[in-house]
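K.L.:
Sharing a structure, written as C-alpha cells. Questions coming.
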Ligand code: CA
C-alpha cells in the first residue's frame, strides 16, 4: 500500500486530503508543522510526501532541504505561493512536482500516483555524451567544461530524454509522460522550469549542446 505523508498546517486542506487519499486506497499520515513532518518521515517512511511551503516553525523549503539530505522520496510541493521564484527554489532543492492551491483533488491524486510509479522505476547506469557534456545516470551528474553539476532527479530525466536522441524533437507530451507520468494533465509549467534551469547550466560552457525550443511541439538538443 502506498503511504503518503501530508505536511500541512491548514486543517481544512489536511482533512480533505486525508479523506480523498484514503478513499483512493492510500495510507495517510499528516503533520501540522515542519518539525512534526520530519519526525513523521523518520518514523513512517512514506512513499510520497505532499509538502506545504508556508508552515509554522521550520519553513517548507527547509523541510525539503532536510528531507533531501537523507532521502530521494518523491516530494510534491503544494502551495498557495505561485510566483515563479518560489517554484524555481522548490525545484532547485529537489522537489519532484509543484502544485498551486487551490488545486483539483483528482489532479493531485493523479500526480501522487504518477510520482509513486515513477519512483519505483529507478534511474539506470548509462552515460550519455554530446559535445563537451557528459551525463551520468549512475550519479545524476552533468559534466561540463570546468564544472560538474549534481542534477535533481527530474532535471536529470529531462536532459536524458534530450540526450537520448540529439537533434530530434522531444514533444511536451512525451516529456510529461516519461518524466512525470501525467501527460494527459497537459500542465507544462514544471517542464518549462526544468528546461530553463538546464539551459542556464549548459550556457556556462560554450562547447556544450544547447536546448532549442520547437514552437508548439517541444524541445530538441543541438550541438554547441
Ligand atoms: Ca500553510
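K.L.:
Viscosity 1.306 mPa s, temperature 10 °C: Stokes-Einstein D of the stretch 127-222 from its Kirkwood Cα radius, in µm² per second?
P.N.:
The Stokes-Einstein estimate is 119 µm²/s.
K.L.:
Then there's this: Which FRET efficiency value, to the nearest 0.05, is calculated for residue 27 and residue 71 with the Förster distance at 25 angstrom and r the Cβ-Cβ distance?
P.N.:
Working: r = 18 Å, r/R0 = 0.71.
The value I calculate is 0.90.
K.L.:
By how many degrees, between 0 and 90 and to the nearest 10, does the Cα long axis of helix 60-70 differ from the longest principal axis of the chain?
P.N.:
70 degrees
K.L.:
Determine, for 45, 149, 194, the number of other Cβ atoms within 10 Å of each Cβ, and report the residues in order from fewest to most. List each step's numbers first, then the result.
P.N.:
Numbers: 45 11, 149 19, 194 23.
By the 10 Å Cβ count, ascending: 45, 149, 194.
K.L.:
Across 10 Å bins from the origin, how do the percents of Cα pairs in the stretch 15-108 run, short distances first?
P.N.:
With a bin width of 10 Å, the distribution comes to 16, 53, 30, 1.
K.L.:
Further question on the same structure: Using just the alpha carbons, could you tell me how many Å³ per residue the convex hull of the stretch 90-154 encloses? Before the final figure, lay out the partial values.
P.N.:
Details: hull volume 6.5 nm³, N = 65.
Once divided by residue count, the hull of the stretch 90-154 is 100 Å³.
K.L.:
Now for a different question. At 0.36 nm per residue, minus the direct Cα-Cα distance, what do residue 189 and residue 207 gain on full extension? Give it in nm, one decimal, please.
P.N.:
Working: separation 18, 0.36 × 18 = 6.48 nm, distance 2.80 nm.
Full extension of this stretch gives 3.7 nm more.
K.L.:
Going by alpha carbons, how many degrees (0 to 90, nearest 10) lie between the helix axis of 189-203 and the longest principal axis of the chain?
P.N.:
Orientation of helix 189-203: about 40 degrees from the principal axis.
K.L.:
For the chain, take the longest principal axis of its alpha carbons; what is the angle in degrees between that and the long axis of helix 34-44, to the nearest 10 within 0 to 90?
P.N.:
90 degrees
K.L.:
Between residue 129 and residue 39, 0.36 nm times their residue separation minus their Cα-Cα distance comes to what?
P.N.:
Answer, rounded to one decimal: 28.3 nm.
K.L.:
Looking at the stretch 53-162 only, what percent of DSSP beta bridges run antiparallel? Nearest 5 please.
P.N.:
Working: 11 of 15 bridges.
Among the beta bridges of the stretch 53-162, antiparallel pairing accounts for roughly 75 percent.
K.L.:
May I pose another question? Please work out the Cα center distance from the stretch 186-211 to the stretch 126-144, rounded to the nearest Å.
P.N.:
15 Å
K.L.:
Per the helix-only calculation at 222 nm, which mean residue ellipticity applies to the chain, given -39500 (n - 2.57) for every DSSP H run of n ≥ 4 and division by its residues, nearest 500 deg cm²/dmol?
P.N.:
On the way: 8 runs with 92 residues, N = 224.
Calculated at 222 nm, the ellipticity per residue is -12500 deg cm²/dmol.
K.L.:
Evaluate the relative contact order of the chain (contact order divided by residue number), counting alpha-carbon pairs under 8 angstrom at least 6 apart; express in whole percent.
P.N.:
Details: 390 pairs, mean separation 30.5, N = 224.
RCO, the chain: 14 percent.
K.L.:
If you don't mind, there's one more thing I want to ask. Radius of gyration and Dmax for the chain's Cα atoms, expressed in Å?
P.N.:
17.8, 52
Any read-out appearing in this document is the output of simple, stated calculations on the displayed coordinates, not a laboratory observation. Given the structure is predicted, the values throughout are model-derived calculations rather than measurements. Every residue, glycine among them, receives a Cβ derived from its backbone with ideal geometry; neighbour counts consider all protein chains shown.
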